[in-house]
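What follows is a single structure, written as structure tokens, with notes after it.
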Amino acid sequence: MKTLRSSFSIRRVTESRLFFPFVVLAFILLFDLIAVPEFFQLEIKQGHLYGSLVDILRNGSCVMLLVLV
């Protein structure tokens, strides 16, 4: 039986194919946080959710579904 320590290693995480995209996404979100403070702001108007992140998810949902197929 493997222990948690032997199954988790930094080398294994950094060699993953998803490591670089997640790092780039983190830098983009950090840049948006600094450059555009309102980027993460969400508000509800007349029962609907509005904000930059909502627009990105709504407009990118078609592409995300196509990628999964």
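The values are calculated or read from the model by the stated rules, or taken from the named source; none is laboratory data. It should be emphasised that the depicted structure is a prediction, and the values quoted were computed from it without experimental measurement. Please note: Cβ atoms are built from the backbone with ideal geometry, for glycine as well, and neighbour counts cover all protein chains shown. The protein model used for the area step is the full one, side chains on, heavy atoms only, and it has no ligands, DNA or RNA in it. Shrake-Rupley method; radii C 1.70, N 1.55, O 1.52, S 1.80 Å.
For the range 43-59, a residue qualifies if it is surrounded by 11 or more Cβ atoms within 10 Å (Cβ to Cβ) and polar (S, T, N, Q), and exactly one does: S52.
The residue that is nearest to the chain's Cα centre (by Cα), counting only those in the range 14-28 that are among the aliphatic types (A, V, I, L, M) and open to solvent by 60 Å² or more (accessible area, probe 1.4 Å), is L25. Residues that are outside any helix (DSSP H, G or I) and at pLDDT 90 or above within the range 50-69 comprise Y50, G51, listed in sequence order.
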